[in-house]
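A.B. asks: Sharing a structure with you now.
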Amino acid sequence: MTIALWRRLLAEFTGTALLVTAVVGSGIMATTLSPDDVGLQLLENSIATALALGALILIFGPVSGAHFNPVVSAADWFLGRRAATGLTGRDLGGYVAAQIAGAIGGSILANLMFDLVAVDFSGKDRAAGHLWLGEVIATTGLILLIFALARSGRTPVAPAAVGAYIGAAYWFTSSTSFANPAVTIGRAFTDTFAGIAPASVPGFVIAQLVGLAVGIGLLAALYPDAGQAADQVVVPTDERDPIDHRA
């Protein structure tokens, strides 16, 4: 049987919250431990984020697919429509809401964990054309990676591959690879190393949606039947309740 929607939404909420907690928390710790070296701060932040993302995919993947990202969920819904696979429209709405709420909660949790004000909107301006281009590239690559893994039957390596891609994209993109509208919104709630000014959020989200469109277009050319594997994104969910061992 299909895993209940409320359980999948709880997994998306919790997983996205913990992801943002890892991003923001490691950024705070990095600036505390390496106050005079921005390069080292970014290295510490990217390593922690990559490792945490891989672990979270392993934890929540069998329940919800471990999307943690509205563009991944949107691609899953769009590509799976014709094949009747992947998320339904109702699922998509729930996933996006859970992801955004989780991201905001994760940012607040990180602030509190480091004895900061619970909600402190970031003053870090990230509004620039070259940063938006970086987000297009980061998001396009992420969509291609995830669906190429699913289409070629290599989803078991998704935790390592997705974590490695995001960790690398911190360094090869000008924007340090947010590549996630929910995480972008969540990071506006912390005025720390990983923050983004609320006024900069719309530009990043639009760039990510452009990356989504480009990624889907490339998938249509490279893997025309990618939608057949939409049920396997990011990690295949069990066809029956994972705590039901009677079968």
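The values are calculated or read from the model by the stated rules, or taken from the named source; none is laboratory data. On a predicted model such as this, the values are computed, not experimentally measured, just so you know. All Cβ positions, glycine included, derive from the backbone under ideal geometry; neighbour counts span all protein chains shown. When the accessible area is computed, the model is the full protein with side chains, heavy atoms only, and any ligands, DNA or RNA have been set aside. Shrake-Rupley method; radii C 1.70, N 1.55, O 1.52, S 1.80 Å.
A.B. asks: Mind putting a number on the dipole of the stretch 65-212 about its Cα centre? Charges go on the C-beta only, +1 for Lys and Arg and -1 for Asp and Glu, and I need it in Debye to the nearest 20.
C.D. replies: 540
A.B. asks: Over all pairs of distinct alpha carbons, what does the Kirkwood formula give as the hydrodynamic radius of the stretch 108-193, in Å?
C.D. replies: One decimal place: 14.4 Å for the Kirkwood radius.
A.B. asks: Kindly provide the helix-only [θ] at 222 nm of the chain, computed as the sum of -39,500 (n - 2.57) over DSSP H runs of four or more divided by all residues, to the nearest 500 deg cm²/dmol?
C.D. replies: Theoretical 222 nm ellipticity from helices: -22000 deg cm²/dmol.
A.B. asks: Could you give each residue of the stretch 51-66 its phi-based ³J(HN,Hα) in whole Hz, using Karplus coefficients 6.51, -1.76, 1.60 with θ = phi - 60°, and x for Gly or Pro?
C.D. replies: 5, 5, 4, x, 5, 5, 5, 5, 6, 9, x, x, 9, 10, x, 6
A.B. asks: Tell me, what is the percent relative contact order of the stretch 135-246, built from C-alpha pairs under 8 Å that lie six or more residues apart?
C.D. replies: Once normalised by length, the contact order is 44 percent.
A.B. asks: For the chain, what relative contact order do you get, as a whole percent, if you take Cα pairs closer than 8 Å and at least 6 residues apart?
C.D. replies: 33
A.B. asks: How large is ³J(HN,Hα) for each residue in the stretch 207-219, as worked out from phi by the Karplus curve 6.51 cos²θ - 1.76 cosθ + 1.60 (θ = phi - 60°), to whole Hz, x for Gly and Pro?
C.D. replies: Here the 3J(HN,Hα) series is 4, 5, 5, 5, x, 4, 5, 5, x, 5, x, 5, 4 Hz.
A.B. asks: Still on this model: Please compute the modelled spin-label separation between Ala4 and Leu33, points set 7 Å along Cα→Cβ, answer in nm with one decimal.
C.D. replies: Rounded to a tenth, the inter-label distance reads 4.0 nm.
A.B. asks: How far, in degrees from 0 to 90, does helix 70-80 lean away from the longest principal axis of the Cα atoms of the chain, to the nearest 10?
C.D. replies: It is inclined by approximately 20 degrees.
A.B. asks: Another question, then. Regarding the stretch 17-61, what's the average projected area of the Cα-atom convex hull, expressed in nm²?
C.D. replies: 2.7
A.B. asks: Here's another thing I want to ask about it. Kindly sort Thr173, Thr32 by accessible area of their heavy atoms, largest first, with the probe set to 1.4 Å.
C.D. replies: Ranking Thr173, Thr32 by accessible area, largest first, yields Thr32, Thr173.
A.B. asks: Hey, what angle do you get for helix 158-172 against the long axis of the chain, alpha-carbon based, 0 to 90 degrees rounded to 10?
C.D. replies: Between the helix axis and the principal axis of the chain, the angle is about 40 degrees.
A.B. asks: Considering the chain as a Gaussian network with a 10 Å cut-off on Cα pairs, which listed residue, Phe189, Phe114, Phe13, attains the greatest mean-square fluctuation?
C.D. replies: Phe114
A.B. asks: Moving to a separate point now. Extent of the stretch 1-76 along each principal axis, from alpha carbon coordinates, in Å, largest to smallest?
C.D. replies: Over the stretch 1-76, Cα extents along the principal axes are 53, 20, 15 Å.
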